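Before any comments, here is the structure.
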Amino acid sequence: MRNTWSFSTAGQLVFGNGAVAELGPLVARRKWNRVYIIADARLVAAGVVQPVVESLTAAGVTAGVFEGGEPEPAVRTAVAAADAAARFGPDAILGLGGGSNMDLAKIVAVLIAHGGSPSQYFGWDNVPGPVLPLIGVPTTAGTGSEVSHAAVLTDADNQIKVSTLSPYLRPALAVVDPQLTYTCPPQVTADSGIDALTHAIEAYTATSFADMEAPADKPAGYGMPYEGAYPLGQALAEKAIELVGKHLLRAVQHPDDRAAREGMALAATTAGIAFSNCAVALVHGLEYPLGAVLHCSHGAGNGLLLPHVMEFNLPAREAEFAKIASLLSEDVSGLTTRAAAERAVAAVRRLSAAIGIPQTIRDLGGRREQLPGFAEKSFAIKRLLATNPRPATQADLLGILERAF
Ligand SMILES: NC(=O)c1ccc[n+]([C@@H]2O[C@H](COP(=O)([O-])OP(=O)(O)OC[C@H]3O[C@@H](n4cnc5c(N)ncnc54)[C@H](O)[C@@H]3O)[C@@H](O)[C@H]2O)c1
Ligand SMILES: [Zn+2]
């Protein structure tokens, strides 16, 4: 039984329309004279990279751009990005994009500071010390990587997504400008938006911090990859769930709706702060092998799995799910707690279908005989089983996948 929890986020968070204009001065003030931007060709074409470069150069900062980022980045892409960055000689690394580019930037900052290969740092707390200063500038409203301690790569050899989790991976500076998300195509808006909802729901309903055990093999003071649910993180998660309920469908259907884009940007960053302190759990644990093999986006995989995992977890978190139903504007008056909790699952399922998330593993091209392999790989991610509010056996995982098939 633990009595304490701790809270961390980005060193400074600047939020709002037009925030990119403040980026250059914020960077110059820190004496980061050379900044290497991790981006990709789609973002260059969408015109999202230019205002970031302009803000930096106007403040006297020299900017270089890596255009080789990709969705769900491979380990070898991180190595290529780090090589290019090393040639530029940066004082700071700026991840510009969705979670994919921001996560690449984190691994680049690790490799430049400590050398070696990405796989050396996989898992919790294997980064030995501070990395090159990191700046996160999201262009999707989704992952919360701009405030999180996580970086996810695709390990093609082992057909799984792998996380590097370290207190050193929280960006020193996060600049969240909702205007950068205006060019997001509807599918990216939908996938990344339901990922944010997944972060908030998993954080809100995770194993309590009091019941989480600190890893025995790490020195005191270093904490744990996830603290478990605690009141401050849950307050942020509640806010994020409410914002997604209000804004996600509209952001998908009306990409130029300012209020919807702003609401989703706030939801994603808030959910990122919540999950990177409290937890993600079984939805993410099941998505890591599934997404790596079926090549779906992280958000699409999570969105598909979320209602099924909620159904499995519901008996362990009835009151919390009932609250989620209210946050998603379900009318739960007169219902039992159980019936209200079931409304939360129905609301998430409806939202996910309305924004075009694939509804079955079959829709993603999966085959039934792949399910036991997915369950086995998910069951090996003990970190995400420990945070799940209901204990799950490998057979339980297979059962969830079969219902999602
Ligand atoms: N580090 C974390 O804490 C964390 C948390 C959750 C997920 N992730 C990871 O993040 C990745 C997913 O990130 P994502 O959902 O943000 O999507 P993404 O970064 O993979 O981007 C998807 C596509 O959308 C394009 N795009 C992004 N913003 C755009 C814009 N404004 N205009 C036009 N095109 C745009 C990108 O170029 C890319 O081709 C996965 O690898 C996932 O595992 C990381
Ligand atoms: Zn996620």
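The values are calculated or read from the model by the stated rules, or taken from the named source; none is laboratory data. Treat the numbers as computed from the prediction; the structure is a model and nothing was measured. Heads up, the Cβs are rebuilt from the backbone with ideal geometry, glycines too, and the neighbour counts pull from every protein chain shown. For the accessible areas, the whole protein counts, side chains as well, though only heavy atoms, and no ligand, DNA or RNA atoms are used. Shrake-Rupley method; radii C 1.70, N 1.55, O 1.52, S 1.80 Å.
Of note:
- Sorting the segments 111-117, 97-103 by their residues' average number of neighbouring beta-carbon atoms within 10 angstrom, most packed first, yields 97-103, 111-117.
- Karplus-derived 3J(HN,Hα), 6.51/-1.76/1.60, for each residue of the range 347-352, Hz, glycine and proline x: 5, 5, 4, 5, 4, 4
- Degrees separating the helix 318-327 axis from the principal Cα axis of the chain, which is the longest one: 60
- Computed from Cα positions, the angle between helix 49-58 and the longest principal axis of the chain comes to roughly 40 degrees.
- Segments 147-158, 42-53, 125-136 sorted - mean Cβ within 10 Å per residue, highest first: 147-158, 125-136, 42-53
- Carbon/sulfur fraction of accessible area - the chain, other protein chains in place, 1.4 Å, %: 53
- The heavy atoms of Thr62 offer some 60 square angstrom of accessible surface to a 1.4 angstrom probe.
- At a probe radius of 1.4 angstrom, the accessible area of the chain per residue rounds to 37 square angstrom.
- Legend: residues Arg261, Arg368, sorted from most to least accessible area (1.4 Å probe; ligands, DNA and RNA excluded), read Arg368, Arg261.
- Size estimate for the chain follows the Kirkwood approach: the inverse of mean 1/r over distinct Cα pairs works out to 20.9 Å.
- Residue pairs, from the table Lys246/Lys323; Lys246/Lys382; Lys161/Lys218; Lys323/Lys382; Lys106/Lys161; Lys218/Lys382, whose Cα atoms sit over 26 Å apart: Lys246/Lys382; Lys323/Lys382
- Residues whose amide H comes within less than 5 Å of that of Phe405, counting only those at least five positions distant or on another chain, are Ile361 (H built at 1.01 Å from N in the peptide plane).
- Rounded to the nearest 10 Å², the accessible area of Lys382 at probe 1.4 Å: 110
- In the chain, the longest principal axis of the Cα atoms and the axis of helix 20-29 are about 60 degrees apart.
- Accessible surface of Glu242 - all protein chains present, 1.4 Å probe, nearest 10 Å²: 60
- For the range 105-258, the Kirkwood estimate of the hydrodynamic radius, built from every pair of different alpha carbons, is 17.2 Å.
- Working note: Karplus 6.51/-1.76/1.60 with θ = phi - 60° gives the range 100-113 the couplings 4, 6, 5, 6, 4, 4, 5, 5, 4, 5, 5, 5, 5, 6 Hz, where Gly and Pro are set to x.
- For the range 182-231 versus the range 1-71, the spacing of their alpha-carbon centroids is 23 Å.
- The accessible-area ordering, largest first, of the residues Met264, Met1 stands as Met1, Met264, per a 1.4 angstrom probe.
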